[in-house]
Amino acid sequence: MRNAEPEELGTLPKNLQEWTSGFIELPGTKNVLSSSAFDPTGCFVAEDKGSIVGCVAVTNLPRKNWLVIRYLAAKRPQSRVYAVEKLLSRALQYVETKKPEFLRATTPSMQPYVDVYKSFAFKPIRRDFRITWDLTKTPESPTKQVEVREVTEKTAPEIAKVLVESIRPYWDWRTEEQGGEDAVGQKFQEGIKKGERWLSGSVGKEVVGLTGLIPDYYKTGDARFRGTFVVPKHRGRGYGLTMMSQASSWAKKLGQDKMTVYTFSYLESLAPGALLYIKSGGKIESEYLQMQRA
């Protein structure tokens with residue numbers, strides 16, 4: 001059990017993808033491990049006969065002194081439960097030195113990881129889903145009349161305010177993790193500058209919802225879907241499905257054959273966003289748990 005060396009961080013995403021049968025994806029993991037916010041002193045690996053066979057990382061949330069334990073995984077984990085336990089124990093020792101205000105963990109919903117977390121007093125608080133759409137098979141559906149416009153760098157500041165409103169109250173927990181509503185709005189505007197594509201949907205002069213994607217994120221024709229969000233006072237009127245239909249049509253025009261989104265849900269039932277995505281033809285591809293110490 002030791003710290004990961006800087007040169008080893010480049011190979012960990014592929015290892016994690018293989019060890020978890022794709023539950024932990026390559027692009028997102030690369031982004032986290034190469035981020036300026038990532039501190040390699042919080043990343044630990046397990047070795048067997050000179051080869052890395054497991055890892056875990058303590059990562060920073062945008063909100064100061066808020067941490068997430070992630071990437072707890074091992075090669076053939078059922079035969080290495082002890083190593084998985086030692087990795088988590090080492091990560092928690094590191095956490096204690098940071099004295100965080102907040103700590104949670106995220107893990108694929110698979111054993112032995114869930115039980116190992118539970119043995120360290122973690123309890124599930126939410127589910128996360130990876131949902132995908134095969135756009136070659138997504139039928140066009142009749143929708144309510146909504147006027148759509150692409151968000152530009154010029155209109156992004158105003159639309160950012162709509163986004164902040166549209167994610168309430170379901171995503172309040174994430175807004176808090178991101179550092180507050182101003183930080184969420186700022187990140188939205190930065191995303192536009194970096195190539196995220198967003199549509200706003202209006203009825204009359206009022207914006208009722210938003211939808212966005214990153215074309216060719218995973219590979220050519222394979223988009224990262226950023227989600228569909230409806231302003232609270234306009235919910236329950238079918239605008240969510242309308243914006244999903246607009247998103248699918250737009251993605252196809254941009255040459256995309258597939259979209260993938262990560263979204264949360266409650267432990268006992270589907271959150272509105274997850275339900276909307278399934279209704280619009282999305283399929284749950286994998287499930288994860290957010291966990292917190294009791």
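Couple of notes before you dig in:
- Qualifying residue in the range 132-147 (condition: of a type outside the set (Phe, Trp, Tyr), touching an Asp or Glu at 6+ places or on another chain (Cβ under 9 Å), farther than 30 Å from Val56 by Cβ and modelled with pLDDT of 95 or more): yes
- Cβ separations smaller than 6 Å between residues 6+ apart or across chains give the following pairs from the range 227-248 residues that are within 20 Å of Phe264 (Cα to Cα) to residues that are assigned to a helix (DSSP H, G or I) and of a type in the set (A, V, I, L, M): Thr228/Met243; Thr228/Met244; Gly240/Leu276.
- Pairing residues of the range 1-19 that are assigned by TED's automatic domain parsing to the domain that holds Asp48 with residues that are part of a loop (DSSP other than H, G, I, E, B), at Cβ distances under 7 Å and at least 6 apart in sequence or on separate chains, gives Leu12/Ala4; Leu16/Ile24; Gln17/Ile24; Gln17/Glu25; Trp19/Lys75.
- When each of Lys64, Lys30 is tested for being farther than 17 Å from Thr107 by Cβ, surrounded by fewer than 20 Cβ atoms within 10 Å (Cβ to Cβ) and free of Cβ contacts under 8 Å to residues at least 40 places away in the same chain, the lone residue that passes is Lys30.
- Residue check for Ile125: β-branched (Val, Ile, Thr), surrounded by fewer than 18 Cβ atoms within 10 Å (Cβ to Cβ), in a strand (DSSP E or B) and within 24 Å of the chain's Cα centre (by Cα): yes
Results for (1) under 30 Å from Gly185 (Cβ atoms); (2) outside the structural domain of Lys99 (by TED's automatic domain parsing); (3) part of a helix (DSSP H, G or I); (4) not hydrophobic (A, V, I, L, M, F, W, C), shown as yes or no for each residue.
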position: Gly28; (1), (2), (3), (4): yes, no, yes, yes
position: Phe38; (1), (2), (3), (4): yes, no, no, no
position: Ile52; (1), (2), (3), (4): no, no, no, no
position: Val58; (1), (2), (3), (4): yes, no, no, no
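- Residue count for the range 10-26 under the criterion of being more than 13 Å from Arg70 (Cβ to Cβ) and not in a helix (DSSP H, G or I): the result is 4.
Condition check ((1) in the same structural domain as Lys283 (by TED's automatic domain parsing); (2) aliphatic (A, V, I, L, M); (3) within 20 Å of Ile131 (Cβ to Cβ)) across all residues:
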site: Trp198; (1), (2), (3): yes, no, yes
site: Val207; (1), (2), (3): yes, yes, no
site: Gly212; (1), (2), (3): yes, no, yes
site: Lys219; (1), (2), (3): yes, no, yes
site: Val231; (1), (2), (3): yes, yes, no
site: His234; (1), (2), (3): yes, no, no
site: Met243; (1), (2), (3): yes, yes, yes
site: Ser249; (1), (2), (3): yes, no, yes
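- The set of residues in the range 1-39 that are hydrophobic (A, V, I, L, M, F, W, C) and either more than 16 Å from the chain's Cα centre (by Cα) or within 23 Å of Lys49 (Cα to Cα) (or both) comprises Met1, Ala4, Leu9, Leu12, Leu16, Trp19, Ala37, Phe38.
- Put simply, of Leu87, Leu61 the only residue that is in contact with a Gly (Cβ under 6 Å, 6 or more places away or on another chain) and under 25 Å from Glu101 (Cα atoms) is Leu87.
- Count - residues of the range 84-98 that are more than 15 Å from Lys118 (Cβ to Cβ) and in contact (Cβ under 8 Å) with a residue 24 or more places away in the chain: 7
- Being of a type in the set (Phe, Trp, Tyr) and either within 19 Å of Val95 (Cβ to Cβ) or not assigned by TED's automatic domain parsing to the domain that holds Phe102 (or both) is a description that applies to Phe44.
The values are calculated or read from the model by the stated rules, or taken from the named source; none is laboratory data. All values reported here derive from a predicted model rather than from experimental measurement. Every residue, glycine as well, gets a Cβ built from its backbone with ideal geometry; the counts of neighbours run over all protein chains shown.
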